[in-house]
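K.L.:
Quick one: the structure is below, and I'll ask about it shortly.
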Amino acid sequence: METKEQPDSDPFAAMESLREALSGVGIVLPSLAVDAASPRLRLVELGRVRSDVAVRLAEALRRGGNE
């Protein structure tokens, strides 16, 4: 699946969308936030996670988010 960069996307909406999607598969990224240091870039900070959470995230992505 190819995605195009959307320079006008709202980083706060993107962060909340990601938080909701991850929550739907039982994954929480406690450090998930908008990077306020570079507002022009509209970056979402994913933060650090424990290795077991990284494995669960990888599994969810491989499944396409379907349980």
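K.L.:
May I ask you to derive the relative contact order of the chain, considering only C-alpha pairs under 8 Å and at least 6 residues apart, and to give it as an integer percent?
P.N.:
On the way: 53 pairs, mean separation 19.4, N = 67.
Contact order relative to length: 29 percent.
K.L.:
If you don't mind, there's one more thing I want to ask. In the set (i) 22.6, 72; (ii) 12.9, 36; (iii) 22.0, 63, which value of Rg and Dmax of the Cα atoms in Å was calculated from the structure you see?
P.N.:
Looking at Rg and Dmax of the Cα atoms in Å for this model, the match is (ii).
K.L.:
To the nearest 10 degrees, how steeply does helix 51-63 sit against the main Cα axis of the chain, on a 0 to 90 scale?
P.N.:
Roughly 90 degrees between the two axes.
Quick note: the coordinates plus some simple rules give every number you see, no bench work behind them. This one's a predicted model, so the numbers in the text were calculated from it and none came from an experiment.
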